[in-house]
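J.: Sharing a structure, written as structure tokens. Questions coming.
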Amino acid sequence: MASSEGTSVNLLKIFVGNLTFSANEEDIAGLFSQYGEIVGVNLRTDRTTVKKKGFGFVTFKTSSSAAAAISGANGAMFQGRAL
């Protein structure tokens, strides 16, 4: 049961790369909220320096929202970079 729950959650979580180091969770949530309801945004940071790594994950409430975000935001320009 636990493995199937983990799988369904992973289908709702999308990877977002090539982010500017100045992007924050609110910026990312604002961009991706147009595709559906967001459950959370997690930007990865370096453990030692605590600086952002330039990538993160956005978790959506529905798989259709996640799929729409993948097709809609792939290659889109955000803060001067193509996602």
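J.: Anything in segment 46-73 that is out of contact with any strand residue (DSSP E or B) (no Cβ under 9 Å at 6 or more places or on another chain) and within 19 Å of N18 (Cβ to Cβ)? List them, or say none.
T.: Of everything in segment 46-73, those that are out of contact with any strand residue (DSSP E or B) (no Cβ under 9 Å at 6 or more places or on another chain) and within 19 Å of N18 (Cβ to Cβ) turn out to be S71, G72.
J.: Of all residues in segment 38-56, count the ones that are among the small types (G, A, S) and over 16 Å from L83 (Cα atoms). If you could, list the steps in order and put the result at the bottom.
T.: Of the residues in segment 38-56, the ones among the small types (G, A, S) are 40, 54, 56.
Restricting the remaining residues to those that are over 16 Å from L83 (Cα atoms) gives 40.
Here the count works out to 1.
No value in this document is a laboratory result; all are computed from the given coordinates. Just so you know, these numbers come straight off a predicted model, no measurement behind them. We place every Cβ from the backbone using ideal geometry, glycine too, and count neighbours over all the protein chains shown.
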